[in-house]
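Please read the structure below before turning to the comments.
The values are calculated or read from the model by the stated rules, or taken from the named source; none is laboratory data. Please read these numbers as outputs of a predicted model, since none were measured by experiment. A quick note on method: Cβ atoms are made from the backbone with ideal geometry, for glycine too, and the neighbour counts reach across all protein chains shown. Heavy atoms of the whole protein, side chains included, go into the accessibility calculation; ligands, DNA and RNA do not. Shrake-Rupley method; radii C 1.70, N 1.55, O 1.52, S 1.80 Å.
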Amino acid sequence: MKSKLLIVFVLFFAQQAYSQIGAGTTLIGGSFQFSSNENADFQEIRILPNAQYFLNENISIGGTVGFATSRNNLGQDVYGRTNTILISPEARYHIDLGENLKFYGAVNVGLGFGGTVGIDGNNRTDGNDISTLDFSINPGILFTPGSKVGFNFELNLISFNRYAVSNPNTNTTTVTNRINLGINTFVPTIGLYYILGN
């Protein structure tokens, strides 16, 4: 009898350990991205805090306010640096794949503002102003192994990017538009979340 009670007790608390995501649940966390191109001697870091609020079991709204910095090395003690503030509202639609696993589709619109600076030894030169506009549709997986912790893995599927560089000295602006179609497995986004209100 004691062993049966122990089994029921363990099963009850094991069930409670899973995250019950529903209306009012909030996920707070974000992701970190690092990319490097050795041939071009270029590195980029993105820090992307993110929050999601569930309107019901399937739909969440939220977004990211983050920071990106990149460095392009041109020679010894000579490099260019670009810093950008990123703002990206987002909506996700989730489909249950299991007790603690959800597939989702995310739609987001991103805005970025920043600028470049050139470094040559101890000399610093302010460069161009930069603005970006992004629109993307991405698939992802949300895994919640515990009641308070969640992980997500997201890939780029369809995206549009508008990259504008303005030179304040010449009053000229160069605009580059880029469309990406197809899943990009080389730049996944991996996030960690703390779960509130479940």
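Of all the residues in the range 101-152, those that are of a type in the set (A, V, I, L, M), open to solvent by less than 40 Å² (accessible area, probe 1.4 Å) and over 30 Å from Glu57 (Cβ atoms) number 3. Take the conditions (1) modelled with pLDDT of 95 or more; (2) over 14 Å from the mean Cα position of the chain (by Cα); Val10 misses just one of them, which is (1). Pairing each residue of the range 111-123 that is without any contact (Cβ under 8 Å) to a residue 60 or more places away in the chain with any residue that is of a type in the set (Asp, Glu) and part of a strand (DSSP E or B), provided the two are 6+ apart or on different chains, yields C-beta distances under 6 Å for Gly115/Asp129; Val117/Asp126.
Conditions (1) over 16 Å from the mean Cα position of the chain (by Cα); (2) modelled with pLDDT of 95 or more, marked per residue:
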{"site": "Gly127", "(1), (2)": "yes, no"}
{"site": "Asn138", "(1), (2)": "no, no"}
{"site": "Ile141", "(1), (2)": "no, yes"}
{"site": "Pro145", "(1), (2)": "yes, no"}
{"site": "Phe153", "(1), (2)": "no, no"}
{"site": "Ile158", "(1), (2)": "no, no"}
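Figure legend. Inter-residue proximity from the range 171-195: first residues assigned to a strand (DSSP E or B), second residues modelled with pLDDT of 95 or more and among the charged types (D, E, K, R), beta-carbon distance below 7 Å, spacing 6+ or different chains. Indicated pairs: Val175/Arg162; Asn177/Arg162. The set of residues in the range 38-73 that are open to solvent by 70 Å² or more (accessible area, probe 1.4 Å) and either free of Cβ contacts under 8 Å to residues at least 24 places away in the same chain or not in a strand (DSSP E or B) (or both) comprises Glu38, Asn39, Ile47, Leu55, Glu57, Val65, Phe67.
Residues that are part of a loop (DSSP other than H, G, I, E, B) and either in contact with a strand residue (DSSP E or B) (Cβ under 8 Å, 6 or more places away or on another chain) or of a type in the set (Ser, Thr, Tyr) (or both) within the range 119-144 comprise Gly121, Thr144, listed in sequence order. Remark: pairs (first residue in the range 126-146, under 20 Å from Leu181 (Cα atoms); second residue of a type in the set (Asp, Glu) and crowded, with 18+ Cβ neighbours inside 10 Å; Cβ separation under 6 Å; 6+ apart in sequence or on different chains) = Asn138/Glu154; Gly140/Glu154.
The lone criterion from (1) more than 18 Å from Thr132 (Cβ to Cβ); (2) touching a Leu at 6+ places or on another chain (Cβ under 7 Å) left unmet by Glu38 is number (2).
Return a yes/no flag: does the range 23-41 have any residue that is hydrophobic (A, V, I, L, M, F, W, C) and closer than 16 Å to Ala106 by Cβ. Spell out the reasoning first.
Step one: list which residues in the range 23-41 are hydrophobic (A, V, I, L, M, F, W, C), which gives 23, 27-28, 32, 34, 40.
Filter once more, keeping what is closer than 16 Å to Ala106 by Cβ: 27.
Looking for residues that are hydrophobic (A, V, I, L, M, F, W, C) and closer than 16 Å to Ala106 by Cβ, one finds at least one in the range 23-41, hence yes.
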